[in-house]
Ligand SMILES: Cc1cc2nc3c(=O)[nH]c(=O)nc-3n(C[C@H](O)[C@H](O)[C@H](O)COP(=O)(O)OP(=O)(O)OC[C@H]3O[C@@H](n4cnc5c(N)ncnc54)[C@H](O)[C@@H]3O)c2cc1C
């Protein structure tokens, strides 16, 4: 059975941890659960965006190759499943289950 890894949070540290896990285990089932809409957001770049140094907000989400790091990117490039706009509410360590709510439809799920 493949190792199952759930990463909570998908801004800077989360995708980094998930990507490292993928490099260490090519067969693991890796999922990122992210409360916000964006993945891999370069928040350090906000002042430059707000300051008018560039207009395209997607640049805050781009890889060095200019590809926006969205759910499709994470799946195609790294086989990492992502669930955006989903907020983790609890972790059942004994059952190894993470409970989360889909913020768009209010449904409770687990992973
Ligand atoms: C304006 C600005 C400038 C910065 N400049 C620099 C810099 O020059 N150099 C530097 O090293 N750092 C800088 N930083 C800090 C750097 O951006 C942060 O250290 C980094 O974003 C932290 O990443 P993180 O993933 O640990 O946390 P966060 O960026 O806080 O991400 C946590 C993520 O987890 C999600 N989340 C939280 N709770 C839940 C939940 N229950 N379920 C699901 N998802 C959840 C949140 O939605 C969020 O997306 C700057 C930050 C800002 C705002």
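Every read-out reported here was derived from the displayed coordinates using simple, explicitly stated rules and does not represent laboratory data. The shown structure was predicted, so the numbers you read here are calculated from the model rather than taken from an experiment. Using ideal geometry, Cβ is built from the backbone for each residue, glycine included, and neighbour counts are taken over all protein chains shown.
From least to most packed, judged by other beta carbons within 10 angstrom and beginning with the fewest, 82, 3, 31 follow the order 3, 31, 82.
Just want to confirm a number: the relative contact order over the stretch 4-99, from Cα pairs under 8 angstrom separated by 6+ residues, in percent. List each step's numbers first, then the result.
Details: 148 pairs, mean separation 27.7, N = 96.
Answer for the stretch 4-99 is 29 percent.
Here each label is just a point 7 Å from Cα along the line to Cβ, and for residue 12 and residue 94 those points are 3.8 nm apart.
Note on the stretch 1-71: semi-axes of the ellipsoid equivalent to its C-alpha gyration tensor, largest first and rounded to whole Å, are 28, 12, 9.
Each of 85, 4, 69 was scored by other Cβ atoms within 10 Å of its Cβ. Arranged with the fewest first, they read 4, 85, 69. Placing a label point 7 Å from the Cα of residue 24 along the Cα-to-Cβ direction, the residues of the stretch 76-109 with a backbone N closer than 17 Å are 80.
Each stretch of four or more DSSP H residues adds -39500 (n - 2.57); spread over every residue of the chain, this sum gives -6000 deg cm²/dmol at 222 nm. Who wins for biggest fluctuation among 40, 63, 11 in a Gaussian network model of the chain, springs between alpha carbons below 10 Å? Most flexible of the set in this elastic network: 63.
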